[in-house]
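A quick write-up on the structure given underneath.
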Amino acid sequence: MAEHKILLESDTNELEIVEFMLNECNERGEPVPSYFGVNVAKVREIIRKPQMWKVFNAHHAIAGMMKLRDKVITVVDLASILGKGNCLAPERVVVLEFNRMVVGVLVNDVSRIYRISWNQVEPPVRAIESAYVTGVVKMDNRIILVLDFEKIVGEICSEDILHHMSNEQLLEEHILDRSQRRILVADDSNFIRSSICSSLRAAGYQVDEAENGEEAWNMLNAKLAQSRAAGVPLKSEVDLLITDVEMPKMDGLHLTSLVKKDEQLKDLPVLIFSSLATDDNKRKWKDLGAVDIITKPDLPNLVKIADSVMH
């Protein structure tokens, strides 16, 4: 899986996804697979289901705990989260690492890795699993649903760091007048995007939202045209771009690269938010032109970070 590292340091607008299955039984007892995908950059390893220990008084979707070498990690029952009650017994665990945590996910089988363009990833349509789906990939003979594991794990955890902000922080953040500052936030996850935007608006910022990199790029060009027509600097329309990395149509790295290569936009600060923000990736993304990189545990300090970037 080493090749995925190339995709995380460049603006190829490509990704690699690991395809896995949950197998439900039909009325004849035959397995009927549903196909799902996750960015290979989040996959630490894939193992056979080991011995597990139950966790008392836990969320219904926590299957238990397992030992992985020197660590004990939580294992999520994905079929339970997606409301699939008649699945065959899972045989594999996909071990994921993101947002500085490691979690296991029970699946029936893992098939292969696909390298695709983000242009092939379509926003989800209305479906039973749509609340947990961030993208749809249409293959020749099946559809792969790309899952939002940040939302899945966030709902299982009792404390949501996205909303963890003290009254003292909110009072402190209102000292500054941010009413003339405008931020564009690009993230395909409604869960994450609404949380980010709510925090910024509560602090006094004006916030525009985009659901993917392509929409953000179009919005930036529209803002550029508006500023030109009015004869005012771009800063009157947008002061900061905050972008996710994994998004349908255009990812955040390609978006960042386009901004930094454009003579009219290159001075716009770009703040990357991503669950894939390892120390190594942070260095590579700053080379693309990002002014800073944050991950989920940093979000209680998002307003302070935004302030520092724009001042």
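The values are calculated or read from the model by the stated rules, or taken from the named source; none is laboratory data. Owing to the predicted nature of the structure, the values given are computational and were not obtained by experimental measurement. Note that we place each Cβ from the backbone using ideal geometry, even for glycine, and neighbour counts take in every protein chain shown.
Within region 214-233, is there a residue that is assigned by TED's automatic domain parsing to the domain that holds Val270, in a helix (DSSP H, G or I) and closer than 21 Å to Thr295 by Cα?
Looking through region 214-233, at least one residue is assigned by TED's automatic domain parsing to the domain that holds Val270, in a helix (DSSP H, G or I) and closer than 21 Å to Thr295 by Cα.
Would a scan of region 262-277 turn up a residue that is in a helix (DSSP H, G or I), in the same structural domain as Ala202 (by TED's automatic domain parsing) and among the basic types (Lys, Arg)?
no
Going through region 96-114 one residue at a time, which ones are surrounded by fewer than 17 Cβ atoms within 10 Å (Cβ to Cβ), closer than 27 Å to Pro297 by Cβ and among the hydrophobic types (A, V, I, L, M, F, W, C)?
Met101, Val102
Condition first: of a type in the set (Gly, Ala, Ser) and closer than 20 Å to Ser274 by Cα. Now tell me which residues in region 70-111 satisfy that.
Passing the criteria: only Gly104.
Looking at region 39-60 only, could you name the residues that are outside any strand (DSSP E or B) and more than 30 Å from Asp251 (Cα to Cα)?
Of everything in region 39-60, those that are outside any strand (DSSP E or B) and more than 30 Å from Asp251 (Cα to Cα) turn out to be Lys49, Pro50, Gln51, Met52, Lys54, Val55, Phe56, Asn57, Ala58, His59, His60.
For region 264-287, name all the residues that are among the hydrophobic types (A, V, I, L, M, F, W, C) and at pLDDT below 90.
Leu276, Ala277
With the structure loaded, tell me whether Asn86 is under 25 Å from Arg142 (Cβ atoms) and outside the structural domain of Gly252 (by TED's automatic domain parsing) or whether it fails that test.
So Asn86 fits the description; yes.
With respect to Gly252, is the statement that it is at pLDDT 90 or above, small (Gly, Ala, Ser) and closer than 27 Å to Val133 by Cα true?
Here the answer is yes, as Gly252 does meet what is asked.
Regarding region 208-229, can at least one residue be identified that is crowded, with 20+ Cβ neighbours inside 10 Å and hydroxyl-bearing (Ser, Thr, Tyr)?
Within region 208-229, not a single residue is crowded, with 20+ Cβ neighbours inside 10 Å and hydroxyl-bearing (Ser, Thr, Tyr).
Which residues, counting only those in region 29-51, are surrounded by fewer than 15 Cβ atoms within 10 Å (Cβ to Cβ) and among the small types (Gly, Ala, Ser)?
Answer for region 29-51, where residues must be surrounded by fewer than 15 Cβ atoms within 10 Å (Cβ to Cβ) and among the small types (Gly, Ala, Ser): just Gly29.
Take Ile81 and tell me if it is under 29 Å from Leu253 (Cβ atoms), in contact (Cβ under 8 Å) with a residue 12 or more places away in the chain and touching a helix residue (DSSP H, G or I) at 6+ places or on another chain (Cβ under 7 Å).
yes
Pick from Val137, Val146, Val185: which is outside any loop (DSSP other than H, G, I, E, B), touching a strand residue (DSSP E or B) at 6+ places or on another chain (Cβ under 6 Å), among the aliphatic types (A, V, I, L, M) and modelled with pLDDT of 95 or more?
Val185
Look at Asn99 and say whether it is polar (S, T, N, Q), under 26 Å from Lys284 (Cβ atoms) and at pLDDT 90 or above.
When the stated conditions are applied, Asn99 does not pass them.
Scan region 270-295 and report the pairs whose first residue is free of Cβ contacts under 8 Å to residues at least 40 places away in the same chain and farther than 17 Å from Ile196 by Cα and whose second residue is in a helix (DSSP H, G or I) and among the hydroxyl-bearing types (Ser, Thr, Tyr), with Cβ atoms within less than 6 Å and a gap of 6+ or a chain change.
Qualifying pairs under 6 Å: Gly289/Thr256; Ala290/Thr256.
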